[in-house]
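Each remark here refers to the structure printed beneath this line.
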Amino acid sequence: MSAARDELNAAKKVCMDNRGNVVEVVEYNRAVSALLIQKACMISGFKSILTKVALANALGRHENWEEIVDKYFKDY
């Protein structure tokens, strides 16, 4: 997810809107690129979680899937 954040931070530009306020903007194609990076990271994360749950059940540990999710996000 930090790759998506880095992509957006690198593409930020400071502009002035019609009311005279200073705002940060990102070009549309760079924002879409960052969202695609974020989507890929989320899919990879959920895949990892599901694999860990399936592996724990296959090994007979019968861990609670909520505990596995909590451990994953604490480590992430």
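Quick note: the coordinates plus some simple rules give every number you see, no bench work behind them. Owing to the predicted nature of the structure, the values given are computational and were not obtained by experimental measurement. Every residue, glycine as well, gets a Cβ built from its backbone with ideal geometry; the counts of neighbours run over all protein chains shown.
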Residues that are in contact (Cβ under 8 Å) with a residue 12 or more places away in the chain and farther than 14 Å from Leu36 by Cβ, drawn from region 11-23: Lys12, Lys13
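Conditions tested, residue by residue: (1) under 19 Å from Lys74 (Cα atoms); (2) small (Gly, Ala, Ser).
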site	(1), (2)
Asn18	no, no
Arg30	no, no
Ser33	no, yes
Gln38	yes, no
Gly45	yes, yes
Lys52	yes, no
Leu55	no, no
